[in-house]
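S.K.: My questions will all concern the structure given below.
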Amino acid sequence: QLQASGGGLVQAGASLTLSCVASVGTFNRYVVAWFRQAPGKDREFVAVVHRSFRSSAADSVKGRFTISRDNTKNTVYLRMNGLEPGDTAVYFCAASQTVILSEYGNPSAYGYWGQGTLVTVSS
């Protein structure tokens, strides 16, 4: 019900835009987040966009990554600038109608997940 795309292999300093297309009913009722998981590591919160279009991002990507949504297209985007080798991971989008503010960074709070898209950043 969530389809993530846009990953690829890029050099450090490059930009990518990930897309997450949702088929989860009334899309504008959902909070949508991006998480990432590097090999051997836990899933990590990246950014979230609320129903009100307010957004927040992890400190590790703040100022480089921007999350946005287009409710007319049932799509959330993650614009990633200044990519670093440490950004290499599988990126997942997740959605929830019920997640609360204090749980935005908790993967367990989201009931819908995309399949992931791989981002590889070479040095």
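The values are calculated or read from the model by the stated rules, or taken from the named source; none is laboratory data. All figures in this text were calculated on a predicted structure; none of them were measured in a lab. Cβ placement follows ideal geometry from the backbone for every residue including glycine, while neighbour counts extend to all protein chains displayed. The accessibility values were calculated without ligands, DNA or RNA, using every heavy atom of the protein model including side chains. Shrake-Rupley method; radii C 1.70, N 1.55, O 1.52, S 1.80 Å.
S.K.: Which one of Ser96, Ala47, Pro85 has its Cα pushed farthest toward the positive end of the charge dipole of the chain, where Lys and Arg give +1 and Asp and Glu give -1 at the Cβ?
M.R.: Positive-end residue among those listed: Ser96.
S.K.: Which FRET efficiency value, to the nearest 0.05, is calculated for Val21 and Lys41 with the Förster distance at 35 angstrom and r the Cβ-Cβ distance?
M.R.: About 0.85, to the nearest 0.05.
S.K.: Let me ask something else about it. What are the ³J(HN,Hα) couplings of the range 85-97, residue after residue, when phi is run through the Karplus curve with 6.51, -1.76, 1.60 and θ = phi - 60°? Round to Hz, x for glycine and proline.
M.R.: Computed from phi, the couplings for the range 85-97 are x, x, 8, 4, 4, 8, 9, 10, 9, 9, 9, 7, 8 Hz.
S.K.: Here's another thing I want to ask about it. Of Phe35, Ser5, Gly25, which is farthest towards the positive pole of the chain's charge dipole, taken about the Cα centre with +1 and -1 on the beta-carbons of Lys, Arg and Asp, Glu respectively?
M.R.: So the residue furthest toward the plus end is Gly25.
S.K.: So between Asn71 and Gln11, what do we pick up on full extension, going 0.36 nm a residue minus the alpha carbon distance?
M.R.: Taking 0.36 nm per residue and subtracting the Cα distance, the gain is 18.5 nm.
S.K.: Right, another one. With +1 on the Cβ of every Lys and Arg and -1 on the Cβ of every Asp and Glu, and nothing else charged, how large is the dipole of the chain about its Cα centre, in debye rounded to the nearest 20?
M.R.: Details: 11 positive and 7 negative charges, 64 e Å.
Once rounded to the nearest 20, the dipole reads 300 debye.
S.K.: Once you list every other residue whose beta carbon is under 14 Å from the beta carbon of Asp87, what net charge do they have if Lys and Arg are +1 and Asp and Glu are -1?
M.R.: Local net charge: +2.
S.K.: How large is the accessible surface per residue of the chain, computed with a 1.4 Å probe and reported in Å² as a whole number?
M.R.: I get 50 Å² per residue for this part.
S.K.: Quick one: with all protein chains in place, what share of the accessible area of the range 16-116 is carbon or sulfur, to the nearest percent (1.4 Å probe)?
M.R.: Carbon with sulfur: 49 percent of the solvent-accessible area.
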